[in-house]
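Only the coordinates and a few stated rules stand behind these numbers; no lab work does. Computed from a prediction, not measured in an experiment: that's the story for all the values here. With ideal geometry, Cβ positions are generated from the backbone for all residues, glycine too; neighbour counts draw on all protein chains shown.
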Amino acid sequence: MDIKSGKELLLIGNVPISAADELSDAVMKEKESQGAVPELKEEKSQPQAKPHSGVVKETFRIVNDTLNDDIVKATQVIYQFELSDEDRGTWFLDLKSKGGNVGHGEQSNHADVVMSMSTDDLVKMFSGKLKPTMAFMSGKLKIKRNTALAIKLEKLMNQMHCRL
């Protein structure tokens with residue numbers, strides 16, 4: 001707890017996240033002052049993933065088999081997953097359409113939550129070996145757009161553990 005403000009602090013190790021961000025910025029500035037140039041990667045030059053990578057395809061097949069109208073009604077969110085490793089690509093989980101839907105590529109409707117992670121971490125999360133909250137706190141999972149809606153996915157993942 002922050003004694004001055006009385007607010008709860010999020011920690012990375014023993015360092016508050018805000019201090020960790022400042023520390024990271026300070027390290028980058030120091031390296032740049034010594035002549036280091038940040039590496040910039042052009043997104044378009046990256047090779048696209050095979051659209052149906054085995055483990056990813058199987059994970060989403062199982063997710064799709066688990067979907068039902070009750071889950072869709074309770075969730076009402078479209079999730080987009082951007083995978084960053086050898087299975088690089090985009091997948092979606094549409095929990096707004098009747099019965100739900102999954103697929104490769106971007107969903108035609110605007111995603112409410114965009115999650116970026118490795119294929120391995122995606123599979124670990126859906127199989128219960130990695131908690132999404134811990135993945136987020138450790139930097140393995142990056143969330144864009146509505147982070148509050150990302151919490152709803154953890155509930156669905158808990159239902160998936162016995163199936164993956």
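For segment 92-109, the tally of residues that are out of contact with any helix residue (DSSP H, G or I) (no Cβ under 6 Å at 6 or more places or on another chain) and part of a strand (DSSP E or B) stands at 6.
Considering segment 114-160, the qualifying helices (runs of 4 or more DSSP H), each wholly inside and each with 2 or more residues that are under 13 Å from Thr59 (Cβ atoms), run over 119-127, 147-160.
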